[in-house]
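Quick notes on the structure that follows.
Read-outs throughout are calculated quantities, based only on the coordinates presented, and are distinct from any laboratory measurement. None of the values given here were measured: they were computed from a predicted structure. Cβ placement follows ideal geometry from the backbone for every residue including glycine, while neighbour counts extend to all protein chains displayed.
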Amino acid sequence: MTRNPREVELKLRLPPGNRAILEASSVFAAVSAKQLHQVTTYFDTSDGLLNEAGLTLRVRRTGVTRIQTVKSRSAGRGIASNRHEWEWPIRRDSPDVDRFANTPKLARIGPRIRGRLEPLFVTDIRRTVRLIHFNDRTVIEAAIDEGSIEADTRCEAVSELELELKAGEIAAMYRLAAELQGVAPLWISLESKFARGMQLRTGRPESARQPQTTPLQRHVRAAHAFEHILGETLGHLIANIDPTLRGATEGVHQMRAALRATRATLQLFESHLDGPTVQRFDAQLRHFGQIFGAARDWDVFCLQMLPRATAELPVNALRSLKSVAEVRRQAAHVAVLKALHGRDFTALVLGLAVWANAVAARPKMRADVYMGRRLRTLVPSLLRPIHRKARNKARHAQRLSARKLHGLRKSLKKLHCDVESLAGLFRPRAVKKYGDQCQEALEVLGIINDVVMTQRLAENLATSRRPDVKESAGVLARWSQRQGRKARLDLKGALQGFRAAPAFWC
């Protein structure tokens, strides 16, 4: 059995036809390759006991060798999966549950699945493996997988690059991925073969994922906290790539939120980081935020605001508007898919991961002197200007223009992101009270933002040459104005609560 059962892996999709480009790179050309034909069968009970326990079980046949493997669900943060992994050589094509007995994390589930396992799906993969010694301490296994996943009569092609850290530093694996991504088109994917196989078997794609935060330790150094928080926002971002590519509108929403949270993290620590680097990454994040933001706006317009307005307005008042708006929505989603398949997006994610790791590795250098201190001592100076900016914008909000209210909402969202990421450093009750006041104000501002966005997009559609579309757009714009006036009545109380909330970090 594996002595140190841990797998740290970075998966990148490789568009078919690009393998030769990748293998001609200087990184791969200088390393001998091993060719393997692997046929793998995944197992679970009919009611999914292993999947419910966060485990996958497979038997992989390579020639005459059979390896039984159990993996846990990824527990890592950031862009690489980090899983427990247990392996045993076996003599048959079906699992040997007796092997679970001597593994504490698996022993309890063994009796529950005995005699109940059934095959779920099969992967048939031609694997090309290279062992790359990145430096004196780091060894990375690079595997190009090509083949298929088969579930019943359904089949899906596989073409991907897997980088697995065998020894050394994870930053080296990120740097290798960035180098290879500059050679051939690759994009990051957290979706495992098991997840793809289950989607093929059930016909149900994975849902979009909410952010998952691990509280910071009270005595964490600022540099390590920065890496931790940025890793979580990037992990949230790439966890929603595959749902977005499969057409999940919530995936777009979550990716937009993750981009915003990543920018908030950079701006929170900006005074203690290299300014030009922060500005460069912030500009790139803002660019992609605009692309995802446009798609999200059209989703809200078509899937939320139009149905609400249709229910309240005369029959057929907006019928002509729906088809025209849907065309715009689909075009915005095409732009999202193009961005995800482009090199710039993956390069940005990898670049941020490499940089965050470098910041954490050098907190004692003179340029990073503050990043070597305990984060809790820095929090007042980090949060104070962000808090002050939001409070100042919240003054006399009833008289603010739509543009200034949007600016207030962005400031408050940034503050709320920062508060959530730093929550582990302070008393939970105080943090929750402050966060609730932020959230209450954000909900009202979100309603106002939606109606303003609806007016803007309706006016945009009104430029159509079709008279019926112009008429419907005018009806919707007037409906939106009425909704906005109602929402503004709730704004004063929500913002008073926020302004009165005590700053828990002081």
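Which whole-Hz couplings ³J(HN,Hα) result when phi for each residue of the range 79-95 is put into the Karplus expression 6.51 cos²θ - 1.76 cosθ + 1.60, θ = phi - 60°, listed in order with x for Gly and Pro?
9, 10, 7, 9, 10, 6, 9, 10, 10, 9, x, 10, 10, 10, 8, 10, x
Order 37-43, 15-21, 173-179 from most to least packed using the mean count of other Cβ atoms within 10 Å.
The densest-packed peptide leads the list: 173-179, 37-43, 15-21.
Using a simple spin-label model with points 7 Å from Cα along the Cα→Cβ vector, what separation in nm is obtained for residue 202 and residue 323?
So the two model labels end up 3.7 nm from each other.
Given points 7 Å out from each Cα along the Cα-Cβ axis, report the residue 344 to residue 131 separation in nanometres with one decimal.
4.1 nm
Arrange the following residues from fewest to most other Cβ atoms within 10 Å of their Cβ: 198, 453, 255. Walk me through the numbers on the way to the answer.
On the way: 198 23, 453 20, 255 28.
Least crowded to most crowded, the residues run 453, 198, 255.
Taking θ as phi - 60°, what are the ³J(HN,Hα) couplings along the range 274-285 by the Karplus curve (6.51, -1.76, 1.60), each to the nearest whole Hz, with x for Gly and Pro?
With the stated coefficients, the range 274-285 comes to 5, x, x, 5, 4, 5, 5, 5, 5, 5, 5, 5 Hz.
I need the peptides 271-279, 231-239 ranked by packing, meaning the mean over residues of other C-beta atoms within 10 angstrom, with the highest value on top. List each step's numbers first, then the result.
Numbers: 271-279: 14.6, 231-239: 23.9.
Peptide ranking by packing, descending: 231-239, 271-279.
What chymotrypsin sites (Phe, Trp or Tyr not before Pro) in the range 252-330 are in a loop by DSSP, with at most 15 other Cβ atoms within 10 Å of the Cβ?
When the chymotrypsin sites (Phe, Trp or Tyr not before Pro) of the range 252-330 are filtered for loop state and at most 15 Cβ neighbours within 10 Å, nothing remains.
Quick one: helix 343-361 against the long Cα principal axis of the chain, what's the angle to the nearest 10°, folded into 0 to 90?
80 degrees
Among 138, 454, which comes first, then next, by fewest other beta-carbon atoms within 10 Å?
If I rank by nearby Cβ atoms, fewest first, I get 138, 454.
Roughly how tilted is helix 402-421, in degrees to the nearest 10 and between 0 and 90, from the longest Cα axis of the chain?
Taking the Cα atoms of the chain, the angle to 402-421 is about 40 degrees.
From the phi angles alone, apply the Karplus equation (6.51, -1.76, 1.60; θ = phi - 60°) to the range 11-19 and give each ³J(HN,Hα) in whole Hz, x where the residue is Gly or Pro.
Going residue by residue, I get 10, 10, 6, 10, x, x, x, 9, 4 Hz, with x marking Gly and Pro.
In debye to the nearest 20, how big a dipole does the range 376-506 give about its Cα centre with +1 on each Lys and Arg Cβ and -1 on each Asp and Glu Cβ?
Rounded to the nearest 20 debye, it is 540 debye.
Pick out, from 228, 445, 155, the residue whose Cα sits farthest towards the positive end of the charge dipole of the chain, with +1 on the Cβ of Lys and Arg and -1 on the Cβ of Asp and Glu.
445
Taking the chain as the reference, fit the longest principal axis to its C-alpha atoms, fit the long axis of helix 375-393 to the helix C-alpha atoms, and give the angle between the two in degrees, 0 to 90, nearest 10.
The two axes meet at around 30 degrees.
Calculate, in nm to one decimal, what residue 466 and residue 500 gain on full extension: separation in residues at 0.36 nm each, minus their alpha carbon distance.
Extending this stretch completely gives an extra 7.2 nm.
Given +1 on the Cβ of Lys and Arg, -1 on the Cβ of Asp and Glu, and no further charges, what dipole in debye does the chain carry about its Cα centre, rounded to the nearest 20?
I would put it at about 2160 debye.
For a test of understanding, tell me how many lysine pairs in the range 381-499 have Cα atoms under 21 Å apart, given they are 8 or more places apart or on different chains.
Going through the range 381-499 pair by pair, I get 28.
Calculate for the chain the 222 nm mean residue ellipticity that helices alone would give, adding -39,500 (n - 2.57) per DSSP H run of length 4 or more and normalising by residue count, nearest 500 deg cm²/dmol.
Roughly -17500 deg cm²/dmol at 222 nm, from the helical runs in the chain.
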